[in-house]
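To start, the structure itself, in structure tokens.
The values are calculated or read from the model by the stated rules, or taken from the named source; none is laboratory data. Worth saying up front: this structure is predicted, and the values here are computed from it rather than measured. Cβ atoms come from the backbone with ideal geometry, glycine included; neighbour counts cover every protein chain shown. Just the protein is used for accessible areas: all its heavy atoms, side chains included, with ligands, DNA and RNA removed. Shrake-Rupley method; radii C 1.70, N 1.55, O 1.52, S 1.80 Å.
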Amino acid sequence: LARGGKGPDSMAPKKAAKEVKPDEDYDTWSIPQLKARLQELGATASGSKAVLLERVKALSAAVAPASAEPKRGAAKSKAKAATEVAEAAPARGKAPAKAKSEAAPAAREAPAKATGKAKAAATAREPPPKANAEAAANAPLPSKAPAAGKRGAAAAQDAPATKRPKAAAASKAAKDDGKEQQIAESDPAVNISGPSDTHFENGDFCAEYAKSNRSACVKCKEKIPNGALRIGKKVPSDKFDGMYTVWQHWPCMVSGGALPLTTAIISGFSTLRPEDQDIISERIPSASGPGGAGGDEGASEEVKQQSKRVFEVLDMLKELSDNQIKDMLLLNDYPYQKLGDKAATKQQLCADGILFGACDKCEVCGGSLLLSGDGYRCNGWVNAFLKCNFKTQTPGRSTWALTDAAKGAANGKLGKMKLKTDSRLFISEMRDDEEIAASQEAPQKKPVFLGLTMVVLEKGECESKEALEQMIKSNGGSVADAVTKAAECVVTCEEVAEQEGNVEVAKAKQHSVVGVSEEFVKDSIETGELQDISEYLLWGERKRRKIQEAQTSRFIEKQGVSMDADVGDMAQTAHILVDRQKRLVYSEMLTRTDLVSGSNSFYTLHLLESDASEDTKYWVFRKWGRIGVSQGGTKLEEFGTNKNQAINNFRKQYFEKTGNEFGEPFDVRPGKFVRVEVEHKALSKKAHASEGQSSGGAGSEKGAGDQPLGKLSKAQIEKGDAVLDKLEPLIADGAGA
């Protein structure tokens with residue numbers, strides 16, 4: 001009996017699976033049709049169109065051989081409609097289901113009719129035909145990224161063998177007669193059509209397998225599963241000082257129309273699985289790297305074979321626990337904590353050491369050389385303010401040492417390996433941040449809507465929907481066929497925007513997607529620059545503000561202590577905690593300067609105590625950003641009446657940022673924030689005598705003036721003068737040279 005079937009004495013006959021032709025043209029099907037087909041097969045019907053399409057092809061190909069030879073005596077059951085309502089064209093009654101059909105493209109716009117239950121057991125056993133290269137390139141990769149030829153089989157095996165939804169639930173979903181639909185809490189799967197042409201650009205790109213499931217795709221806004229292939233690009237942050245990586249699914253990057261100039265600028269390309277290197281190379285041209293691997297097919301094949309060996313070792317290391325991996329790193333004098341966002345995972349470091357040997361220490365600062373993208377970078381510091389930027393693709397090596405636990409991995413296979421030192425091949429060339437910045441500053445003519453997804457709702461003031469969509473796609477933009485949270489804006493006219501009960505407009509407002517007039521599209525194309533969207537709004541407000549230069553922090557003095565004005569209304573009812581007995585003020589201003597990256601950050605910490613003498617409450621206020629601009633953020637945590645918990649949190653934040661205990665003599669730590677000594681009147685005898693005279697109120701804006709870090713203490717100013725005295729002769733010598 002097939003799984004989920006009933007015995008011969010059962011009252012209800014078993015439903016037969018719908019016969020499917022192997023050459024069925026699923027590519028022309030709409031999203032509701034694909035969903036209905038998946039529900040018919042008993043599989044999950046969620047995800048983007050590319051995911052649904054891949055799943056339907058794989059499962060249908062597996063079911064086709066089983067349905068071709070039905071059991072003798074099997075009773076034919078009546079077909080029942082089980083479909084999802086199409087968003088564009090709601091169903092108008094039920095049409096009789098057909099076992100075999102050659103549906104015309106126009107007919108495929110109507111909801112597909114589902115018949116029977118999928119035989120899950122047969123689905124898991126029957127492998128589908130080999131997927132073609134085009135489908136492989138546009139389909140999301142599984143976490144372990146199998147070969148392209150096995151992609152369909154993996155999808156069929158991974159599909160959950162769940163029972164078909166009950167008929168009542170299915171019929172309820174099909175009762176929509178064109179009435180207004182409720183706005184779904186989750187963003188529905190939509191079809192997004194990409195730009196007309198592909199734009200190749202320079203930049204800081206990287207490729208890797210997701211280290212967790214926390215990252216989200218900047219294009220579709222969906223989470224990237226742990227272990228799935230993701231492509232990243234470094235961009236300036238508008239929330240903190242420095243660059244950060246925005247990630248995309250590979251299919252989302254392809255559909256977005258903006259790809260790296262060559263595979264040589266994709267850091268980590270050489271460390272991917274061979275099949276994933278092939279998929280990326282089909283879309284992005286290669287270029288020869290320092291070892292000649294990019295342009296030489298023979299050398300490129302060597303890199304693929306090398307990558308295959310690396311992943312074989314990684315599979316063996318999966319048997320080891322985190323502590324066992326940690327022990328092996330320590331045995332080889334490797335760090336196991338705070339490896340950095342660019343460094344490989346602990347397992348990848350071990351696999352690299354097993355196959356090629358343990359890396360020698362950095363010849364500049366003595367730090368550890370760790371695998372990072374297509375090479376090895378030092379994680380050490382030259383001094384407290386200068387991070388070591390040494391990098392190499394050919395480090396010195398020594399034979400890797402295995403722990404007893406590692407020797408027993410994979411039934412002792414790992415312990416039987418002959419360990420030796422060897423050179424690792426890389427395709428991409430390692431580049432400094434300065435080289436990357438210079439390449440990005442070079443003039444690159446980009447399409448005006450590159451990387452943006454828009455929705456055209458019904459029509460514009462003058463232009464038709466089709467004309468506006470063509471304008472957007474021919475200028476680098478993508479167009480979604482329905483409102484989605486991934487959209488930058490909705491283009492429409494005032495008439496549509498003001499319609500009462502318009503579901504799509506309501507959905508856009510729910511997702512905080514702004515509506516704009518068609519003039520935004522036209523003016524951006526005419527000027528060749530993306531216009532300020534706030535001038536074309538029909539509803540909503542722009543998501544992000546531009547970074548404003550030359551902004552300084554304001555401080556409010558209350559009870560002899562300056563607090564940041566961004567505490568807001570808290571300044572009316574609270575003050576900064578002062579422990580006069582221990583001469584401690586729970587307010588700290590911290591700075592960090594990185595001479596390599598050019599960052600100049602600040603971090604403010606306040607422990608606030610309510611002015612009320614009864615039921616005193618406590619908060620910890622934090623503010624961070626770049627000195628001199630509005631770039632940054634704030635956070636306020638409430639601890640109720642628990643004073644000790646608030647103090648412990650303040651001390652924890654201070655230690656994490658500086659590496660020092662609060663209240664102890666300060667010692668500058670490499671890579672950490674430095675304490676700025678700020679003048680506090682609260683600790684003076686005069687302030688102590690007048691304590692009871694100013695216990696409430698909002699305080700006054702004075703004491704700090706326009707100084708971005710507050711009013712500095714005399715000792716802090718003297719330290720600055722001493723540094724300037726040392727710099728003066730060095731500058732004079734350099735000018736005379």
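The numbered conditions (1) of a type outside the set (Asp, Glu); (2) at pLDDT 85 or above; (3) out of contact with any Gly (no Cβ under 9 Å at 6 or more places or on another chain) are all true for residue 563 except (3).
For (1) modelled with pLDDT of 90 or more; (2) open to solvent by 20 Å² or more (accessible area, probe 1.4 Å); (3) of a type in the set (Ser, Thr, Tyr), each residue gets a yes or a no:
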| site | (1), (2), (3) |
| --- | --- |
| 596 | no, yes, no |
| 603 | yes, no, yes |
| 607 | yes, no, no |
| 632 | no, yes, no |
| 642 | yes, yes, no |
| 655 | yes, yes, no |
| 658 | yes, no, yes |
| 670 | no, yes, no |
| 679 | no, yes, no |
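Mind listing whichever residues of segment 357-399 are crowded, with 22+ Cβ neighbours inside 10 Å and farther than 27 Å from residue 204 by Cα? Result: 358, single match. Inspect segment 343-360 for any residue being out of contact with any helix residue (DSSP H, G or I) (no Cβ under 7 Å at 6 or more places or on another chain) and basic (Lys, Arg) and give the result as yes or no. Within segment 343-360 (the criterion being out of contact with any helix residue (DSSP H, G or I) (no Cβ under 7 Å at 6 or more places or on another chain) and basic (Lys, Arg)), the answer is no, since none of the residues qualifies. Tell me yes or no: at least one residue of segment 236-246 is in contact with a strand residue (DSSP E or B) (Cβ under 8 Å, 6 or more places away or on another chain), of a type in the set (D, E, K, R) and modelled with pLDDT of 85 or more. No; the residues of segment 236-246 include none that is in contact with a strand residue (DSSP E or B) (Cβ under 8 Å, 6 or more places away or on another chain), of a type in the set (D, E, K, R) and modelled with pLDDT of 85 or more.
Taking the criterion of being touching a strand residue (DSSP E or B) at 6+ places or on another chain (Cβ under 6 Å) and open to solvent by 10 Å² or more (accessible area, probe 1.4 Å), the residues of segment 257-279 that qualify are 258, 261, 265, 267.
Just to verify a result, which residue in segment 444-483, among those that are touching a Cys at 6+ places or on another chain (Cβ under 8 Å) and open to solvent by less than 10 Å² (accessible area, probe 1.4 Å), is modelled with the lowest pLDDT? The residue in question is 460.
For the list (1) modelled with pLDDT of 90 or more; (2) assigned to a loop (DSSP other than H, G, I, E, B); (3) under 29 Å from residue 253 (Cα atoms); (4) of a type in the set (D, E, K, R), I need the number of the one condition that residue 429 fails. Failing condition for residue 429: (1). For residue 329, state whether it is free of Cβ contacts under 8 Å to residues at least 60 places away in the same chain, within 24 Å of residue 268 (Cα to Cα), assigned to a strand (DSSP E or B) and open to solvent by less than 20 Å² (accessible area, probe 1.4 Å). Judged against the criteria, residue 329 is not a match. The set of residues from segment 609-625 being open to solvent by 20 Å² or more (accessible area, probe 1.4 Å) and under 15 Å from residue 564 (Cβ atoms) comprises 619, 622, 623, 624. Filtering segment 390-413 to residues that are under 16 Å from residue 357 (Cα atoms) and either in contact (Cβ under 8 Å) with a residue 40 or more places away in the chain or part of a loop (DSSP other than H, G, I, E, B) (or both) leaves 393, 394, 395, 396, 397, 398, 399, 400, 401, 402, 403, 406. Only one of the numbered conditions (1) polar (S, T, N, Q); (2) modelled with pLDDT under 90; (3) in contact with a helix residue (DSSP H, G or I) (Cβ under 6 Å, 6 or more places away or on another chain) is violated by residue 403, and that is (2). Here is the figure for segment 557-584: residues that are open to solvent by 10 Å² or more (accessible area, probe 1.4 Å) and in a strand (DSSP E or B) total 6.
Which of the residues that make up segment 193-230 are more than 25 Å from residue 455 (Cα to Cα) and β-branched (Val, Ile, Thr)? Matches in segment 193-230: none.
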